[in-house]
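The values are calculated or read from the model by the stated rules, or taken from the named source; none is laboratory data. Since we're looking at a predicted model, the values are computed, not measured. Quick reminder, even Gly has a Cβ in these numbers, built from the backbone with ideal geometry, and neighbours come from all protein chains shown.
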Amino acid sequence: MPPVAKEKLTNRNNEIFLSVASIWEIVIKVSIKKLNLAAPLPTILGRYGKDDFKLLPIELGHTLATGNLPFHHRDPFDRLLVAQAQSEDLEIISTDKVFDAYGVKRVG
């Protein structure tokens, strides 16, 4: 993990959000054997307290906003993360430069 991303995640002054879309994508990747986790996802998520991160739900406005995005990228999960970041004025922690094409703030 890049140092700047690690600093953002460990700084207790920052409010950290975890999108339900990311959890959904992880569940799918585990089920089709494209991702192996060291423990079941509920166990991993359970290790974190309510002060470590907040779940960012998928709202109707987020899904509708994906329809206004240019098709720089076709991955529906990434497009939803972009829409959420734009709608909620959030940064995305990722090393994937595809997010840059959408003008969202990316840390990573």
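Quick notes
- Flag for I58 being touching a Ser or Thr at 6+ places or on another chain (Cβ under 8 Å), among the β-branched types (V, I, T) and either surrounded by 13 or more Cβ atoms within 10 Å (Cβ to Cβ) or modelled with pLDDT of 95 or more (or both): yes
- Cross-chain or 6+ apart pairs with Cβ under 7 Å, the stretch 1-19 first and assigned to a loop (DSSP other than H, G, I, E, B), then of a type in the set (G, A, S): P2/G108
- Looking only at the stretch 62-86, residues that are of a type outside the set (A, V, I, L, M, F, W, C), at pLDDT 95 or above and within 23 Å of V27 (Cβ to Cβ) come to 8 in all.
- Boolean, L35 is surrounded by 15 or more Cβ atoms within 10 Å (Cβ to Cβ) and either under 23 Å from P2 (Cα atoms) or at pLDDT 95 or above (or both): no
- All of L55, L69 fail the test of being touching a Lys or Arg at 6+ places or on another chain (Cβ under 7 Å) and more than 21 Å from V4 (Cα to Cα), apart from L69.
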